[in-house]
Structure formats: C-alpha cells, structure tokens
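Data first, discussion second: the structure below is written as structure tokens.
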Amino acid sequence: MTEPTPLTIGTALPPLTVTLTRADLVRYAGASTDFNPIHWSDRMARRVGMPSVIAHGMLTMATALRIVTDWVGDPAKVRAYSCRFTSPVPVPDDETGVELRITAAITALTEETATVTITAVITGPDGEDVKVLGQATAEVDRG
C-alpha cells in the first residue's frame with residue numbers, strides 16, 4: 001500500500017466498476033466447480049424465485065474485494081474479509097451484462113492495520129441503486 005499522505009478515517013479508495021456477463025459466470029463456474037443451474041439457466045433461476053440467472057455470491061464477493069487489493073497492491077496484505085449477501089446480482093443474457101459499482105473508505109486505523117468498509121451496488125429494475133453486499137469489511141496490513 002502506497003501511503004503518499006497519512007491515512008485517515010474517511011479516506012476514500014478509488015472507485016471501481018466491473019461488468020459481469022454470462023460468459024464470466026461460465027468461467028467462474030468452471031474454476032469453482034459451482035455448476036448450480038441458477039447461475040446459467042433462466043428457467044431454473046425463475047423456478048426458485050430469482051428474476052434471472054444470478055452471479056455466484058463468491059464471485060460477487062471476490063470482485064468487490066478488488067477495490068482493496070488494487071489499492072494495497074498486494075493481495076497478501078489482506079488479513080481478513082467478510083460480508084453478508086444482501087441482494088442477488090441478476091446477469092442479463094446480452095453483451096452488456098451488469099455493472100457492479102464498488103466504493104470503499106477507511107473506517108478504522110491501528111498502527112498495523114487499516115479497516116476498509118466496502119459498498120457494492122447494481123442498478124435495480126426501477127433504476128435505483130441496489131446494495132448487493134452488506135457489512136463488507138476488509139482488514140489490511142499497513143506494513
């Protein structure tokens with residue numbers, strides 16, 4: 001982590017926007033071996049009450065953490081990461097996909113660590129932001 005100026009509580013990390021497409025879901029399913037049909041079949045997703053195919057929760061969680069790993073420069077500096085899944089991420093069957101917009105800010109500091117709170121949202125069907133992760137925090141080594 002480059003600290004050109006002293007870190008303070010409230011310091012915002014550079015925002016990150018990541019597009020997820022159905023092709024990304026296929027690649028993630030292969031890498032993770034999570035072939036649950038709600039991640040590739042609209043019919044099955046609707047059968048269980050989802051609006052359409054949804055992104056894997058762990059893919060969403062890992063993608064959101066990129067805002068922190070990009071900032072610190074070394075993923076090994078992440079000591080802990082946790083979150084709650086608050087809303088699914090529907091991924092349309094088109095070339096556009098869905099944009100996951102991620103912001104983060106420092107919410108606690110010690111001599112050794114910085115705690116970063118992460119917010120990840122998508123645009124819902126009504127045009128409003130939908131928070132997809134709750135209580136997302138990462139603790140990173142400042143050294």
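The values are calculated or read from the model by the stated rules, or taken from the named source; none is laboratory data. Just so it is clear, the model here is predicted, and its values are computed rather than measured. Quick reminder, even Gly has a Cβ in these numbers, built from the backbone with ideal geometry, and neighbours come from all protein chains shown.
A quick yes/no check of all residues on (1) buried (at least 18 other Cβ atoms within 10 Å of the Cβ); (2) among the polar types (S, T, N, Q); (3) under 18 Å from the mean Cα position of the chain (by Cα); (4) on the phi > 0 side of the Ramachandran plot:
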{"site": "L100", "(1), (2), (3), (4)": "yes, no, yes, no"}
{"site": "T103", "(1), (2), (3), (4)": "no, yes, yes, no"}
{"site": "I106", "(1), (2), (3), (4)": "yes, no, yes, no"}
{"site": "T113", "(1), (2), (3), (4)": "no, yes, no, no"}
{"site": "T123", "(1), (2), (3), (4)": "no, yes, yes, no"}
{"site": "D129", "(1), (2), (3), (4)": "no, no, yes, no"}
{"site": "V132", "(1), (2), (3), (4)": "yes, no, yes, no"}
{"site": "E139", "(1), (2), (3), (4)": "yes, no, yes, no"}
Residues located in the range 71-97, provided they are at negative phi, surrounded by fewer than 18 Cβ atoms within 10 Å (Cβ to Cβ) and in a loop (DSSP other than H, G, I, E, B): D74, T86, S87, P92, D93, D94, E95, T96
Unique residue being β-branched (V, I, T) and either assigned to a loop (DSSP other than H, G, I, E, B) or farther than 27 Å from A12 by Cα (or both) when the list is I122, I38, I67, I118: I38
Within the range 54-70, tally of residues that are crowded, with 19+ Cβ neighbours inside 10 Å and either charged (D, E, K, R) or out of contact with any Pro (no Cβ under 7 Å at 6 or more places or on another chain) (or both): 10
Yes/no for A31 being over 19 Å from S87 (Cα atoms) and small (G, A, S): yes
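Condition check ((1) at pLDDT below 95; (2) part of a loop (DSSP other than H, G, I, E, B); (3) not aromatic (F, W, Y)) across all residues:
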residue	(1), (2), (3)
T2	yes, yes, yes
T17	no, no, yes
V26	no, no, yes
A31	no, no, yes
D34	no, yes, yes
R43	no, no, yes
R46	no, no, yes
T60	no, no, yes
E99	no, no, yes
Criterion: touching a strand residue (DSSP E or B) at 6+ places or on another chain (Cβ under 9 Å), closer than 27 Å to T11 by Cβ, of a type in the set (K, R) and modelled with pLDDT of 95 or more - qualifying residue of R142, R84: R84
Residue count, the range 70-92 (criterion: farther than 13 Å from A55 by Cβ and either of a type outside the set (V, I, T) or over 17 Å from the mean Cα position of the chain (by Cα) (or both)): 13
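Residue-wise test of (1) more than 19 Å from Y28 (Cα to Cα); (2) in contact with a Lys or Arg (Cβ under 9 Å, 6 or more places away or on another chain); (3) basic (K, R).
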site	(1), (2), (3)
A76	yes, no, no
T86	yes, yes, no
P92	no, yes, no
I102	yes, yes, no
A108	yes, no, no
A114	yes, yes, no
I122	yes, yes, no
G134	yes, yes, no
R142	yes, yes, yes
